[in-house]
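> First the structure, then my questions, so here it is.
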Amino acid sequence: MIKNLKISTLVYLLIPTFIFLLTWVTPTWGIMSCLVISYASWKCIQAIHQSESRILNPLFSRLSFVSCIALALILNLLVGIGEFRTQTLDFMSNNLKIRDLVTNPWPLYYPAFKVYMCYYLGYYLPIASVGKLTGLAYCRYIALVWSTLGTSLLFLWLSTFLSKSRIVAILTLLFFSNAWCFYKIIYWLDFQPYINPPFHLILHKYWLMRPPFWDGFAWAPQHILPACLGACFVLETTFSKKVHLHTLLLMLLATIYWSPLASIGLFPFVLYFFLREWKNTFASNSLLTSIGIILGFVPLLLYFVSTEGVNSGNTLFIWEAGVSTWFWCYLFYIGFNVLLWHFLLSRFQHPFKHLLLIASVLLTLLPLYQIGEANDLNVRSAVPALMIFIIIIAFILTNYQQEKSVYYCVILLLLAVNSLPTWSQIYRSSLPSKPKTSIERADWKNLHDTFSFQAVMYKDSSATLEYSLQQGSIFEQHFLKK
């Protein structure tokens, strides 16, 4: 079960990278990179087959397997994937991306803006690849299948981390939220003017936001899926007698085309295992293999460093937000969203002590710097660390339920109260509704492509820089397929 999950997840995460290398990169570099990554993947799969893996006790039943897939399908339908009900505003842009990919040659070029697209398209590219064969009308179903497949892998992973009441891990993920109840109390008492309930602190243009899983998935499955699947790899490594460093590295690099922000969030955990196994890391054969794997991803890495997004001017430190009380806002944010949970989870014995510390440090540091209009760095890069919190909470709920200690009751109470916004979202998601746009009919107010939509929605032409490839960059000159 564990071996099959590892291999299936690696393949799922790597598919978009292979498509990118074969369609956006010159044949010489693209084929060479694919061969290197294929060889590395084959060696990693061999290592997975030859290694000892956890034996699930009790064994995973067919009913559990089907239940995970059914829950994954229901989640995707409720958040609007498949276009059977309304979607979040971000899907107006997502639908345009998929339509642009299906109806135009690759790599994507926008004549009106005189620029090639440079963006993380890992979630969209497999959908568009099949859509080019079937036509736009079927893309909604392809998107549903692709997203449900990834969510099913995630739910199956979650179920393996508990030996009893396995559904608790999935439910904890779905209902884990931020400290919105504390936000409300402080807001009602008028102690903190920068609170914007239920999930935000906004310091002028600096955002401190930590949405619940349900909300994050509804807005950005392209970030959530690789971040959560990568975190499952990290969690599984905790149980391994022998750490497969190259498999971890391959997983990390495979997430980049999905979401560089998710990769940033996964990096500290992968680094931890590389440093813990430093003798293996710096052994000549192991080091050369690691370098070889990284070289296979060079075209992709050059693609991202060639983005015009570095010139978009939407980055700053929290103390540059122009708010004199920024420190107290920051302390309030990390106190209730990070430090409180770290304290509670540290009261119990579990196999994830080191991961908990890394997660807490990462969640404490991320809010200090903003990248993106709504601080995507903090919102998306935090997901792997939050996954560590979620699994530890589920582990405690199922293994310490007989003790009913004060700390256990506080965890249960916080989880129950903080889950209320998610219950509200589930109720709203169950009501009949229709999406504002679709992949087949993605136009909105005479905006016919991704670039024009971004420029108008963000009321700033610089918003398109995040999607643009630098003219004259190394990637455009030597790697881009034209």
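> Looking at 348, 332 in this structure, which one is in contact (Cβ under 8 Å) with a residue 12 or more places away in the chain and either β-branched (Val, Ile, Thr) or not in a helix (DSSP H, G or I) (or both)? Give the derivation first.
Working: 332 fails: either β-branched (Val, Ile, Thr) or not in a helix (DSSP H, G or I) (or both).
Checking each option against the conditions leaves just 348.
> Report yes if residue 465 is surrounded by 19 or more Cβ atoms within 10 Å (Cβ to Cβ), at pLDDT 85 or above and either of a type in the set (Gly, Ala, Ser) or on the phi < 0 side of the Ramachandran plot (or both), otherwise no.
No, not satisfied.
> Looking at 316, 365, 339, which one is among the aliphatic types (A, V, I, L, M), surrounded by fewer than 18 Cβ atoms within 10 Å (Cβ to Cβ) and assigned to a strand (DSSP E or B)? Don't jump to the end; show me each part of the working.
Values: 365 fails: assigned to a strand (DSSP E or B); 339 fails: assigned to a strand (DSSP E or B).
Criteria check complete, one pass: 316.
> Right, next: Are any residues in region 1-34 in contact with a Pro (Cβ under 8 Å, 6 or more places away or on another chain) and among the aromatic types (Phe, Trp, Tyr), and if so, which ones?
Of region 1-34, the ones in contact with a Pro (Cβ under 8 Å, 6 or more places away or on another chain) are 13, 15-16, 19, 21, 23-25, 29-30, 33.
Selection gives 24, 29.
> So, one more: Please report, ordered by residue number, the helices (runs of 4 or more DSSP H) entirely within region 404-482 with at least 2 residues that are closer than 30 Å to residue 168 by Cα.
On the way: elements: 406-418, 420-430, 450-457, 474-478.
Answer list for region 404-482: 406-418, 420-430.
> Let me ask something else about it. Kindly indicate the residue of region 98-112 that is in contact with an Asp or Glu (Cβ under 9 Å, 6 or more places away or on another chain) and touching a residue at least 24 places away in the same chain (Cβ under 8 Å) and also surrounded by the fewest Cβ atoms within 10 Å (Cβ to Cβ) among those meeting that condition.
Kept after step one, since they are in contact with an Asp or Glu (Cβ under 9 Å, 6 or more places away or on another chain), are these residues of region 98-112: 99-100, 104, 108, 110, 112.
Among the residues that remain, those that are also touching a residue at least 24 places away in the same chain (Cβ under 8 Å) are: 99-100, 110, 112.
Details: 99: 24, 100: 21, 110: 18, 112: 9.
Result: 112.
A quick yes/no check of all residues on (1) of a type in the set (Ser, Thr, Tyr); (2) in a loop (DSSP other than H, G, I, E, B); (3) modelled with pLDDT of 90 or more; (4) on the phi < 0 side of the Ramachandran plot:
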residue: 141; (1), (2), (3), (4): yes, no, yes, yes
residue: 144; (1), (2), (3), (4): no, no, yes, yes
residue: 151; (1), (2), (3), (4): yes, no, yes, yes
residue: 154; (1), (2), (3), (4): no, no, yes, yes
residue: 158; (1), (2), (3), (4): no, no, yes, yes
residue: 162; (1), (2), (3), (4): no, yes, no, yes
residue: 173; (1), (2), (3), (4): no, no, yes, yes
residue: 178; (1), (2), (3), (4): no, yes, no, yes
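Quick grid of which residues meet (1) in contact with a Lys or Arg (Cβ under 8 Å, 6 or more places away or on another chain); (2) assigned to a helix (DSSP H, G or I); (3) aliphatic (A, V, I, L, M):
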{"position": "223", "(1), (2), (3)": "yes, yes, no"}
{"position": "242", "(1), (2), (3)": "no, no, no"}
{"position": "252", "(1), (2), (3)": "no, yes, yes"}
{"position": "291", "(1), (2), (3)": "no, yes, yes"}
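> Also, I was wondering about something else. Between 266, 252, 229, which is free of Cβ contacts under 8 Å to residues at least 24 places away in the same chain and surrounded by 20 or more Cβ atoms within 10 Å (Cβ to Cβ)? Steps first, please.
Details: 266 fails: free of Cβ contacts under 8 Å to residues at least 24 places away in the same chain; 229 fails: free of Cβ contacts under 8 Å to residues at least 24 places away in the same chain.
None of the others qualify; the one that does is 252.
> How many residues does region 399-420 contain that are among the β-branched types (Val, Ile, Thr) and under 18 Å from residue 356 (Cα atoms)? Reasoning before the result, please.
Start the filter on region 399-420 by keeping residues that are among the β-branched types (Val, Ile, Thr), which leaves 406, 410-411, 417.
Applying the additional criterion that residues be under 18 Å from residue 356 (Cα atoms) yields 411.
Summing the residues that are among the β-branched types (Val, Ile, Thr) and under 18 Å from residue 356 (Cα atoms) in region 399-420 gives 1.
> With respect to residue 44, determine if the residue is surrounded by 15 or more Cβ atoms within 10 Å (Cβ to Cβ) and at pLDDT below 90.
On the way: surrounded by 15 or more Cβ atoms within 10 Å (Cβ to Cβ): yes; at pLDDT below 90: yes.
It is true that residue 44 is surrounded by 15 or more Cβ atoms within 10 Å (Cβ to Cβ) and at pLDDT below 90.
> Of all residues in region 64-84, which are part of a helix (DSSP H, G or I) and in contact (Cβ under 8 Å) with a residue 60 or more places away in the chain?
Taking region 64-84 and keeping what is part of a helix (DSSP H, G or I), we get 64-78.
Once the filter is applied, which keeps residues that are part of a helix (DSSP H, G or I) and in contact (Cβ under 8 Å) with a residue 60 or more places away in the chain, region 64-84 yields 64, 65, 67, 68, 69, 71, 72, 73, 75, 76, 77, 78.
> Looking at the structure I just gave you, is residue 79 surrounded by fewer than 16 Cβ atoms within 10 Å (Cβ to Cβ) and not basic (Lys, Arg)?
On the way: surrounded by fewer than 16 Cβ atoms within 10 Å (Cβ to Cβ): no; not basic (Lys, Arg): yes.
Spelling it out, it is not the case that residue 79 is surrounded by fewer than 16 Cβ atoms within 10 Å (Cβ to Cβ) and not basic (Lys, Arg).
> Then there's this: Name the one entry in 356, 368, 362, 377 that is under 24 Å from residue 184 (Cα atoms) and of a type in the set (A, V, I, L, M). Reasoning before the result, please.
Values: 356 fails: under 24 Å from residue 184 (Cα atoms); 362 fails: under 24 Å from residue 184 (Cα atoms); 377 fails: under 24 Å from residue 184 (Cα atoms).
The match here is 368.
> Tell me the residue from 316, 363, 355 that is out of contact with any helix residue (DSSP H, G or I) (no Cβ under 8 Å at 6 or more places or on another chain) and touching a residue at least 24 places away in the same chain (Cβ under 8 Å), please. Talk me through it step by step, then tell me what you get.
On the way: 363 fails: out of contact with any helix residue (DSSP H, G or I) (no Cβ under 8 Å at 6 or more places or on another chain); 355 fails: out of contact with any helix residue (DSSP H, G or I) (no Cβ under 8 Å at 6 or more places or on another chain).
Residue meeting the stated conditions: 316.
The values are calculated or read from the model by the stated rules, or taken from the named source; none is laboratory data. This one's a predicted model, so the numbers in the text were calculated from it and none came from an experiment. In this analysis, Cβ positions are derived from the backbone assuming ideal geometry, glycine residues included, and neighbour counts consider all displayed protein chains.
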